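**Q** Have a look at this one.
Only the coordinates and a few stated rules stand behind these numbers; no lab work does. In this text the structure is predicted, and so the values were computed from the model without any measurement. Note that each Cβ is placed from the backbone with ideal geometry, even for glycine, and that neighbours are counted across all protein chains shown.
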Amino acid sequence: MAFTKEQLAGYAGASVPDLLGDHCRLLFVGINPGLWTAATQTHFCHPSNRFYPAMRRAGLIDWFVDTDHGMTGEQKSALIRVGIGITNLVNRATVRASELGRGELAQGARRLRRLAVELQPAVVAVAGVTAFRQAFGRPGAALGPQEDGLAGSELWVVPNPSGLNAHETVDSLAGWYRRAADAAGLR
């Protein structure tokens, strides 16, 4: 069941609920939902997105996500059980993240700080260095752990798994996710 352009256009501006549990150890943070993600109500859910294949390669999950339908309730529960959560800096679906304004990203960073205070994950991993730089006002930030954390959590920047990010592969993404998971005490 692929979506038509017209169907996807109807999801512009839609939101996707955070996937969070009480014992979140590793919180992955996307930039914002794409239209396909909004249609399936599953974070990072686009046929070209490498998030779940990289999570599988990193040994963090052992199942596949059907990108036409999104995660099942059982799969969402499995992520929560192992201590993995997912949210976005901005919860407004767009065609591309470049449609977001700096103010929206900065507001997302403030919301993320409040969420980190509430959840107290060991690691918060923002997926996308350019969005991180804008959201947190850190133009020189690089991939990896950041010197100052976020509300008591280690703060990491990991590569964006979007298929548009040609600099990364499933293997390189898996390496980053494995390192963040190790820092969170998940492996």
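**Q** Apply 1/(1 + (r/R0)^6) to the Cβ-Cβ distance of Asp22 and Glu104, taking R0 = 30 Å, and write down the FRET efficiency to the nearest 0.05.
**A** 0.60
**Q** For region 30-100 and region 113-127, what is the centre-to-centre distance using only Cα atoms, to the nearest Å?
**A** Each part reduced to its Cα centre gives a spacing of 17 Å.
**Q** Compute the orientation-averaged projected area for the chain from the convex hull of its Cα atoms and round it to one decimal in nm².
**A** Value for the chain: 9.6 nm².
**Q** While we're on this one: Using θ = phi - 60° and the Karplus form 6.51 cos²θ - 1.76 cosθ + 1.60, what ³J(HN,Hα) does each residue of region 56-63 get, whole Hz, x for Gly and Pro?
**A** Result, ordered by residue: 5, 4, 6, x, 8, 9, 10, 9 Hz.
**Q** Region 55-101: D in µm²/s via Stokes-Einstein (Kirkwood Rh, Cα pairs, 10 °C, 1.306 mPa s)?
**A** The calculation lands on 124 µm²/s.
**Q** Expected output is a single nm value to one decimal: the length gained when fully extending between Ser172 and Ser15, i.e. 0.36 nm times separation in residues minus the C-alpha distance. What is it?
**A** Here the answer is 53.6 nm.
**Q** Find which of Gly137, Ser162, His23 sits farthest along the positive direction of the dipole of region 18-183, computed with +1 on the beta-carbon of Lys and Arg, -1 on that of Asp and Glu, about the Cα centre.
**A** Gly137
**Q** Let me ask you something else. Quick check on the chain: helices-only [θ] at 222 nm, where DSSP H runs of length 4 and up contribute -39,500 (n - 2.57) each and the sum goes over total residues. Nearest 500, please.
**A** Calculated from helices alone, the mean residue ellipticity at 222 nm is -10500 deg cm²/dmol.
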